[in-house]
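Report on one structure; see the data block that follows.
Nothing in this text is a laboratory measurement; each read-out follows from the coordinates by a stated rule. Note that the structure is a prediction, hence the values are computed from the model and not measured. Glycine gets a Cβ as well: all are built from the backbone with ideal geometry, and neighbour counts include every protein chain shown.
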Amino acid sequence: MTSENLQIQAYQAIRNQIIYSELPPGSKISEKNLEDYLKIGRTPIREALIKLRQENLVYTIPQSGTYISQIDLEKASNARFVREILESKIMTECCAKIDTVSSEELASLIEKQVEAMKNADSKSFFQYDNLFHQTCYRIANRLEIWNWMNSNNTHLERFRWLRLLTADLDWNAIIDQHKAIYHAIIQRNPEEVEFQTSLHLHMMLNEQAAVTKHFPEYFKN
């Protein structure tokens, strides 16, 4: 494996630990521990940490060490805004390009998300949530946009993960909205799918107070 691939592997692994709060804000990062855990050399890990620092996901205190940053709500909100603008249009393109095979694929992802909810499997639920949206982008032949957004939305992803861990917020709401988006797509109703997509992506704005109240230490003041 090339050094570039190792750096990408290290970056993705550490990023996922940050998203899933396995490395919560304020945690001190040990390059040696990461090296042992990831079975990757020190140089790719250092390069990955440089990239994470550029994204404001980690910060360094001289003579002390490197730490996980708190969630920047402004960055999360901006990522949500960009996604809403782009995704509303992409979902209308999905309406025009949906076929039987891709329709069944989306239905299956919703069923898997329902099963994850029944099993209280938050990580699978979160992953199927993202996969539902990613699949819509692929159907619309806009997967490159999904990949670009995914590389710039870590603060939003961290917020969305904490949303699943907030006891007052029901997972059913997410599934119901996915079902509404799905039915609008298979009915080839662009106006309805655009409305439902915007409604879905406004969820962060409606639930922000509950999440930040439940996890105050995770967010920048």
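Numbers at a glance
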{"read-out": "Gyration tensor (Cα) of the chain, equivalent ellipsoid semi-axes in angstrom", "value": "33, 20, 16"}
{"read-out": "Whole-Hz ³J(HN,Hα) from phi, Karplus 6.51 cos²θ - 1.76 cosθ + 1.60, for segment 132-145, glycine and proline x", "value": "4, 5, 4, 5, 4, 4, 5, 4, 7, 6, 10, 5, 4, 5"}
{"read-out": "Between segment 5-80 and segment 106-183, the Cα center-to-center distance that results, in Å", "value": "23 Å"}
{"read-out": "Amide hydrogen neighbours beyond the local backbone of Val58, cut-off 5 Å, H modeled", "value": "Arg53, Ser69"}
{"read-out": "Residues Glu115 and Val82, FRET efficiency given R0 of 35 Å [Cβ-Cβ distance, rounded to 0.05]", "value": "0.70"}
{"read-out": "Loop-resident sites, segment 1-61, for GluC sites (Glu not before Pro), counting at most 12 other Cβ within 10 Å (DSSP)", "value": "Glu22"}
{"read-out": "Whole-Hz ³J(HN,Hα) from phi, Karplus 6.51 cos²θ - 1.76 cosθ + 1.60, for segment 96-106, glycine and proline x", "value": "6, 10, 5, 9, 4, 5, 5, 5, 5, 5, 5"}
{"read-out": "Net dipole in debye of the chain [+1 Lys, Arg Cβ; -1 Asp, Glu Cβ; about Cα centre; nearest 20]", "value": "660 debye"}
{"read-out": "The chain, relative contact order in percent, only Cα pairs under 8 angstrom and at least six apart counted", "value": "26 percent"}
{"read-out": "Ile29 long-range amide H proximity, modeled H, under 5 Å", "value": "Thr66, Tyr67, Ile68"}
{"read-out": "Flagged links, alpha-carbon separation over 28 Å, of Lys75/Lys97; Lys75/Lys123; Lys179/Lys220; Lys51/Lys97", "value": "Lys75/Lys97; Lys179/Lys220; Lys51/Lys97"}
{"read-out": "Pairwise FRET efficiency - Lys123 versus Glu31, Cβ, R0 = 35 Å, nearest 0.05", "value": "0.85"}
{"read-out": "Residue-by-residue Karplus 3J(HN,Hα) for segment 166-178, coefficients 6.51, -1.76, 1.60, Hz, glycine and proline x", "value": "8, 4, 6, 10, 7, 5, 4, 4, 5, 5, 4, 6, 4"}
